[in-house]
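Asks: The structure that follows is given in the form of structure tokens.
The values are calculated or read from the model by the stated rules, or taken from the named source; none is laboratory data. This is a predicted model, so every value here is computed, not measured. Please note: Cβ atoms are built from the backbone with ideal geometry, for glycine as well, and neighbour counts cover all protein chains shown. Areas reflect the complete protein model, heavy atoms only, side chains present, ligands, DNA and RNA absent. Shrake-Rupley method; radii C 1.70, N 1.55, O 1.52, S 1.80 Å.
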Amino acid sequence: MENSKQYAIDKRMILAAYQKVKKNRGSAGIDGIDFAKYEENLKGNLYKLWNRMSSGSYVPKPVMAVEIPKKSGGIRVLGIPTIADRVAQMAAKMYLEPMLEPLFHEDSYGYRPNKSAIDAVRKARERCWRYNFVIDLDIKGLFDNIDHELLMRAVKKHISKPWVLLYIGRWLKAPFSKDGKEIPRMAGTPQGGVISPLLANLFMHYAFDEWMRRNYPYCPFERYADDTVIHCKTEKQARFILDKVKERMAQCRLELHPSKTKIVYCKDKDRTEEYSCTEFEFLGYTFRRTLIKDRCNRLQWNFLASVSKSACKTLKEKIKALEIHKRSGSKIEMIAEVINPIIRGWMNYFGAFNRSAMKGTLNVIQMRLIKWAMCKYKRFKGHRRRAERWLNGIKEREPAMFAHWALWRG
């Protein structure tokens, strides 16, 4: 039966794709079918998907458009495919990724196996010590503006499987669905799609990474999806490269954000010239001149990466939204269970560099715990110092109870 199908697609690949999609979780798409409902007839649903993909009759449903606010202001539109469409995309990704991965530049870090945002920050940090200037690039709406014709040209350069080419074309053209209306898509690959990051990396490989390697190998860079920094020796070089990048993006039908793209001087104890812009943000970290102690215990200015103000603000807002002071009926162990996963994940990421910069934000969490103790115990009402001493006593006896207490131990 499988041999009679138009396209040879292994059933086991569809099952493996479903298992990966389920592991990533996510909400239902436009059809309202979540994982629980999909698994009521899992075997039948996966067989139907395989059968349609193998026969060429599979057509993806419209992508549910969900608007979420950006940290920097404005709205980002996420596209949420149905579970069946996510499984189909995952199957294609599983086929494509092993072939495309070896092509990609070593300094492309976004959504790639065995690479992370921390790797990109670490490399940027090292290069900022050797290069005096940084071009902080911001591509305007990369995922929304990728040109379909140019993208398919890149796909066809490496992929010959007819079913992969057919369905990538259909996924790109699948309309958005918002408030019951379908909105055609003439460009872009929606954020939220399983295969979108891989396609975006392929597009940017030719639009930027390979172009930089070929033409300007003396200016290294780190790119994480649409977030990119380029390192330059001089201001003149930085301005020249920025002009060339603008031209290149226009050729690829993309645009740099005029106000967010900038040239930054990496000022420190040895680089002391005056420039209007001496700091930039990259992947949640702020790179700027920071006063720290050197190996000889002397205070020195160094150009370092530290947790950004916006990242600190986000954590404070998350903790505040929990309103733990209202949980006066909960034991302290229960409070720890609620907030520890949030704090631990934040600390693991932002504690990679200049951990001391986190202390001010984590101290705000400590204040929230003190407020909770004052609400829970009558003897502490109106007595902040008593509540603080009581909490410090618990910290001494059980230092691992709250994730942020480890920073004070360190």
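Asks: If we only count strands (runs of 3 or more DSSP E) wholly inside the stretch 100-203, which ones have 2 or more residues that are closer than 30 Å to ILE30 by Cβ?
Replies: Counting at least 2 such residues, we get 176-178, 181-183.
Asks: Can you tell me how many residues within the stretch 365-407 are assigned to a helix (DSSP H, G or I) and open to solvent by 60 Å² or more (accessible area, probe 1.4 Å)?
Replies: The qualifying residues number 12.
Asks: Further, regarding this structure: Among the numbered conditions (1) touching an Asp or Glu at 6+ places or on another chain (Cβ under 9 Å); (2) buried (at least 21 other Cβ atoms within 10 Å of the Cβ); (3) not β-branched (Val, Ile, Thr), tell me where ARG86 comes up short.
Replies: ARG86 satisfies all of (1) touching an Asp or Glu at 6+ places or on another chain (Cβ under 9 Å); (2) buried (at least 21 other Cβ atoms within 10 Å of the Cβ); (3) not β-branched (Val, Ile, Thr) except (1).
Asks: Also, quick follow-up: Looking only at the stretch 313-356, which residues are under 17 Å from the mean Cα position of the chain (by Cα) and open to solvent by 30 Å² or more (accessible area, probe 1.4 Å)?
Replies: If the condition is that a residue be under 17 Å from the mean Cα position of the chain (by Cα) and open to solvent by 30 Å² or more (accessible area, probe 1.4 Å), then THR314, ILE342, GLY345, ASN348, TYR349, ALA352 are the ones that fit.
Asks: Now, a different point. Among what's in the stretch 5-62 and is without any contact (Cβ under 8 Å) to a residue 40 or more places away in the chain and outside any helix (DSSP H, G or I), pick the residue that is surrounded by the most Cβ atoms within 10 Å (Cβ to Cβ).
Replies: ASP10
Asks: Out of the residues in the stretch 101-127 that are of a type in the set (Lys, Arg) and under 18 Å from the mean Cα position of the chain (by Cα), which is least open to solvent (accessible area, probe 1.4 Å)?
Replies: Checked the stretch 101-127; the qualifying residue least open to solvent (accessible area, probe 1.4 Å) is ARG112.
Asks: Can you pull out the residues in the stretch 259-312 that are among the charged types (D, E, K, R) and in a strand (DSSP E or B)?
Replies: Hits for the stretch 259-312 are LYS262, GLU281, ARG288, ARG289, LYS293.
Asks: Here are some residues: LYS178, LYS157, LYS161, LYS233. Which one is surrounded by fewer than 17 Cβ atoms within 10 Å (Cβ to Cβ), within 17 Å of GLU97 (Cβ to Cβ) and touching a residue at least 60 places away in the same chain (Cβ under 8 Å)?
Replies: Being surrounded by fewer than 17 Cβ atoms within 10 Å (Cβ to Cβ), within 17 Å of GLU97 (Cβ to Cβ) and touching a residue at least 60 places away in the same chain (Cβ under 8 Å) holds for just one of LYS178, LYS157, LYS161, LYS233, which is LYS161.
Asks: Please work out which one of (1) within 21 Å of ALA311 (Cβ to Cβ); (2) modelled with pLDDT under 95 is the condition PRO113 fails and give its number.
Replies: Single failed check for PRO113: (1).
Asks: Please determine, by comparing only the residues of the stretch 128-144 that are acidic (Asp, Glu) and at pLDDT below 95, which one is least open to solvent (accessible area, probe 1.4 Å).
Replies: Going residue by residue through the stretch 128-144, those that are acidic (Asp, Glu) are 136, 138, 144.
Add one more test, that the residue is at pLDDT below 95, and what stays is 138, 144.
Numbers: ASP138: 47, ASP144: 78 Å².
Checked the stretch 128-144; the qualifying residue least open to solvent (accessible area, probe 1.4 Å) is ASP138.
Asks: Considering only residues that are open to solvent by 10 Å² or more (accessible area, probe 1.4 Å) and polar (S, T, N, Q), look in the stretch 296-312 and name the one that is nearest to PHE280 (Cα to Cα).
Replies: Residue satisfying both the conditions and the ranking: SER310.
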